[in-house]
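Here the structure comes first, spelled out in structure tokens, and everything after it is commentary.
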């Protein structure tokens, strides 16, 4: 009888061991939220990751899944938002792998070798794992960064491994600002967990897994890799990122900083699902660009960076352009002229709204435009079938144009655009990037000056093209008081006022950058007000000197 009991107990233990092994293997292959998986592949323009748990069960997204994030050349990552057991990698739906069992956090799949391996750059602890059992990060200490998007005055960082193993008492240690709303905290040892806060319980994040070398945004509550290279990419965005349709104008914006103070240049390009790449804007000083897709599909926006010290960097952003041919709700796609264009005071201006959708009832769209001048004055607006509206700005400054599109079912959308109005004298330039005869030039004229006053060693300033006959339309400026009364008002030039709005501010910096980048709306430039280094051309040097000048006034 004893032997029978012993046999039965042995059988039960064996079954328990088998069940335990099965459960362990299931856990290792069934990933948790916050895990990160990696892909090594070459030649793919837009790697995607598709994950699921079984036929008809949960998935991360419709096939081909979600776009992966570029970590470095040939290496891409994807962070899970839920638990999945299976995975397929593809080049946006093509060149896909077979159905693969997901092996767990921190693994990298080599496409050419068709095998998994450990990725050395993976964080030791996935974001979503229970922080009470998180392993301590390796290394001499844990360094974390905070993107202080909500504006805490003095962010603090509290770190711990256990209740008796912390960096300091609550609410933690002061973080150090590294610029651009980014704060850093470097612990003297490794910690598994952290909380960022603004000084107490009222302003704090949840319990977080401390990710060495990563940055946490206290507005989006997301971790991302913090770029610590010599050419640091601080941001790269698209507006909008969703709800994009053919004809929608997408504004691309980025920011990057050289740690050595070198001048940074930016390039924007787009790659479609077939792998064809189009340059939107080649390398230049402008850090914004506009892209208008013409076809439905998946696209990858590539942001490239280079500086005068020889450093390079890049980022990618996946966008989807949807079909609006049967869309019921109206959508606003773009407005022309582009808000990047300066418009003239006292000049008739027509804005045209490009909208889509409204496929219901009469299938008609109705439009309304509300114009607000810099003093707060508004027009009386009504809905009409016209997508155009004409107005005449009379005040220098920013005009807000709010455009509405309404369907026959009364569903309505609107968007506000800002146009900068400048003096007509300065915004009615020659068609070339540079006037054929410089105004108020500092070069001594080679012909006799058009006055009866002998010129001094100081250059003669003129506001009109010199001729052999006396000028009657505008007075000729000399070193003595002009005796001819001007027949029309003369625009007063202000040092640094690149866009001619009568003010010197950051808008002038933007205008100069656009001029250097050869934007069509910024072809004209007046050397007399922007040529700070007196080399008779506009360069990044002048932009830098203007920025310093603005900071000093």
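The values are calculated or read from the model by the stated rules, or taken from the named source; none is laboratory data. What you see is a predicted model; the values in this text were computed from it and never measured. No Cβ is skipped: glycine too gets one built from the backbone with ideal geometry, and neighbour counts run over all protein chains shown.
Side notes on the structure shown:
- Condition met for residue 135 (at pLDDT below 80 and closer than 21 Å to residue 51 by Cα): no
- Residue in segment 265-276 that is at positive phi and part of a loop (DSSP other than H, G, I, E, B) present: yes
- You will find that of 239, 230, the residue that is surrounded by 14 or more Cβ atoms within 10 Å (Cβ to Cβ) and either within 30 Å of residue 357 (Cβ to Cβ) or not assigned by TED's automatic domain parsing to the domain that holds residue 144 (or both) is 230 and no other.
- Test: residue in segment 523-541 that is closer than 17 Å to residue 253 by Cβ and surrounded by fewer than 20 Cβ atoms within 10 Å (Cβ to Cβ): no
- In summary, residue 377 fulfils each of the numbered conditions (1) within 33 Å of the chain's Cα centre (by Cα); (2) surrounded by 12 or more Cβ atoms within 10 Å (Cβ to Cβ) with the single exception of condition (2).
- Residue count for segment 513-530, restricted to those that are assigned to a helix (DSSP H, G or I) and modelled with pLDDT under 85: 10.
- Number of the condition not met by residue 105 [criteria: (1) under 23 Å from residue 214 (Cβ atoms); (2) surrounded by 20 or more Cβ atoms within 10 Å (Cβ to Cβ); (3) modelled with pLDDT of 85 or more]: (3)
- Residue check, residue 70 in a loop (DSSP other than H, G, I, E, B) and closer than 26 Å to residue 315 by Cα: no
- When segment 294-353 is filtered for residues that are in a loop (DSSP other than H, G, I, E, B) and more than 21 Å from residue 248 (Cβ to Cβ), the ones remaining, listed by number, are 308, 309, 310, 311, 342, 345, 346, 347, 348.
- For residue 314, the stated conditions do not hold, so it cannot be described as in contact (Cβ under 8 Å) with a residue 12 or more places away in the chain, surrounded by fewer than 20 Cβ atoms within 10 Å (Cβ to Cβ), closer than 27 Å to residue 418 by Cβ and out of contact with any helix residue (DSSP H, G or I) (no Cβ under 7 Å at 6 or more places or on another chain).
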